[in-house]
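The values are calculated or read from the model by the stated rules, or taken from the named source; none is laboratory data. Bear in mind the structure is a predicted one, so any value in this text is a computation, not a measurement. A quick note on method: Cβ atoms are made from the backbone with ideal geometry, for glycine too, and the neighbour counts reach across all protein chains shown.
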Amino acid sequence: MNLKLVLPSLALILFLFLIFKKEEVYEPQIFKGNIMGTTYNIILQSDVSGEDAHIKAYNILQKVNQEMSTYIDDSLISKVNKADIGQWVTVTQDFLDVLSFATTLCKDTQGIYDVSIGKLVNLWGFGPDSVDKQPSTEELSYFSSQVGCNSIETDPTNLSIKKAKDVELDFSSIAKGFALDKVYEFLIKQSYLNSFFIEIGGEIRSTALKSNDQPWKAGIINPIQQEKIIYTFLSSDFNTFALATSGDYRNIRIFDEEELSHTLDTSSGIPTNLAKKSVSVVAENTMKADALATALNAMTLEQAINYADQKQIKALFITESDGQSKIIFSEKLKQVKM
């Protein structure tokens, strides 16, 4: 073998590899806006303009919002909520898919997670209606008695649902995650996109890596010192990076100088005690992560850890101990870290 010929060839191959490797690192194209009562960020990496992809992604978000936002008077969910008990309402397959997953999780958590809690949410002023006083004991007793995993009946064949009890649906704990999944499904089919990252109100879904083979990073806020990041997730640690966080410190109301969390006890209709904690979940899709984070946040810490371990959920718990934040990993998340 003529080594004098081989070595220059190897050097040339390495040189060309480095050139093309460098060309594959695309500058991020960042698109921002408002949707679903919060903000969104879409980061695209491509050698062509991502404006068209952004517009189509935004339209997807708008469609989900028009179906599932209780803040829009003529949305599909508002139409369902205004319907009489027993009146069938035609919905979309997307709407039915979200309701089906939510109902399954409701039953699996024995009602701790329940999207039929809409009227109780509104009574406390956490929905579209503003209130200036706490609900009465009679109101809480009645509406909490109506809430339940079987309060909505479905007819999948005819894409129809009806209320079996005096309830209203609230998809705020699952709609953003579902919307992210719809955008992800669209973007992943665009061959000209090298990588991308989508975020809505703190919920995240992305490709496994950036165009330079580095992971996307998602920082989790310290509930006690909210200007600081307490933990950072790396997209490369997971087969699918879909992340959602639920915190009982993120949305509160004050009645008679008492801080009340937006997380409600579905059995009593009363807000859970504010404990300055949060739960982050990584799952195979953001709809699942979104709903599971809410469900775990509504449980006691012990319940949540046991449930996460039993169901093999990748969950990060941040709680407060002696005035300091404490991080707890579920067993499944520990396996990812090891």
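You will find that of 173, 160, 151, 141, the residue that is surrounded by fewer than 23 Cβ atoms within 10 Å (Cβ to Cβ), within 28 Å of residue 119 (Cα to Cα) and within 24 Å of the chain's Cα centre (by Cα) is 151 and no other. Among the residues of the range 205-213, is any part of a strand (DSSP E or B) and in contact with a strand residue (DSSP E or B) (Cβ under 8 Å, 6 or more places away or on another chain)? Yes, the range 205-213 contains a residue that is part of a strand (DSSP E or B) and in contact with a strand residue (DSSP E or B) (Cβ under 8 Å, 6 or more places away or on another chain). Can you name the residue in the range 196-240 that is basic (Lys, Arg) and in contact (Cβ under 8 Å) with a residue 60 or more places away in the chain and, of all such residues, is surrounded by the most Cβ atoms within 10 Å (Cβ to Cβ)? Top of the filtered list is 205.
Checked against (1) closer than 23 Å to residue 185 by Cα; (2) exposed (fewer than 13 other Cβ atoms within 10 Å of the Cβ), residue 58 passes all but condition (2).
Among the residues of the range 96-138, those identified as assigned to a helix (DSSP H, G or I), crowded, with 18+ Cβ neighbours inside 10 Å and in contact with a strand residue (DSSP E or B) (Cβ under 8 Å, 6 or more places away or on another chain) are 99, 103, 118, 119, 120, 121, 122. In the list 80, 6, 25, 64, which residue meets the criterion of being at pLDDT 95 or above and over 22 Å from the mean Cα position of the chain (by Cα)? Just a single option satisfies the conditions, and that option is 80. Could you tell me whether residue 304 is in contact (Cβ under 8 Å) with a residue 12 or more places away in the chain, under 28 Å from residue 61 (Cβ atoms), outside any loop (DSSP other than H, G, I, E, B) and in contact with a Leu (Cβ under 8 Å, 6 or more places away or on another chain)? In short, no.
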